[in-house]
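Novice: Below are the structure tokens for one structure; questions will follow.
FYI, it's all coordinate maths here, none of it is from the lab. Because the structure is a prediction, the values reported are computed rather than measured. Please note: Cβ atoms are built from the backbone with ideal geometry, for glycine as well, and neighbour counts cover all protein chains shown.
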Amino acid sequence: MGLDPNKPTLGVFPNVLCDAYNFYRGTAFSDQLAWLDKTVKFFMDHPDWQLVVRAHPMEHWPGIGGQETVTDEIRSNYPELPQNIKLVPAESAITSYSVASFINAATVYGTELGLELACRGVPV
């Protein structure tokens, strides 16, 4: 992925956008995209830290994910991301568990992966 192993890395694991809209209202952010936007902006201002956004794998399944995707939304807002921010689309062979193997911490948006990562020793 072209990441620097000497820099701290945060893994971000969003939910499927349609589920996030329907089931996770009234959280710390107005919606999942606002959370992602704030996170991406933070890492754009902090190049000494790295961010990996791993889209939920169900986003690309017909009838489940819908039309919009997390990676498409981020790319439309930020056509040129700095080197310290990496996007892993839903259809990627790079799994959430692969990402978990090299991150220093994780943040999730309404997904059970947060519990799984905590059980694997990843601070969430």
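Novice: Which whole-Hz couplings ³J(HN,Hα) result when phi for each residue of region 111-124 is put into the Karplus expression 6.51 cos²θ - 1.76 cosθ + 1.60, θ = phi - 60°, listed in order with x for Gly and Pro?
Specialist: For region 111-124, the Karplus-derived couplings read 9, 5, 4, x, 5, 4, 5, 4, 5, 8, x, 8, x, 10 Hz, x marking Gly and Pro.
Novice: Given H placed on each backbone N at 1.01 Å, which residues far from Ala106 in sequence or on other chains put an amide H within less than 5 Å of it?
Specialist: Close amide H contacts, sequence-distant or interchain: Gly11, Val124.
Novice: With unit charges on the beta carbon (Lys/Arg positive, Asp/Glu negative), name the residue among Ile85, Met44, Phe102 whose Cα is farthest towards the positive pole of the charge dipole of region 38-124.
Specialist: Highest projection toward the positive end goes to Phe102.
Novice: Could you list, bin by bin from short to long, the percent of Cα-Cα pairs of region 44-124 in 10 Å steps?
Specialist: 16, 46, 33, 4
Novice: Give me, ordered by chain and number, the residues 5 or more places off Lys86 or on other chains with an amide H under 5 Å from its own placed amide H.
Specialist: Distant-sequence amide H within range of Lys86: Leu51, Val52, Val53.
Novice: Evaluate E = 1/(1 + (r/R0)^6) for Ser101 and Lys38, where r is the Cβ-Cβ distance and R0 equals 22 Å; express this FRET efficiency to the nearest 0.05. Working shown, then result.
Specialist: Working: r = 26 Å, r/R0 = 1.18.
For R0 = 22 Å, the calculated efficiency reads 0.25.
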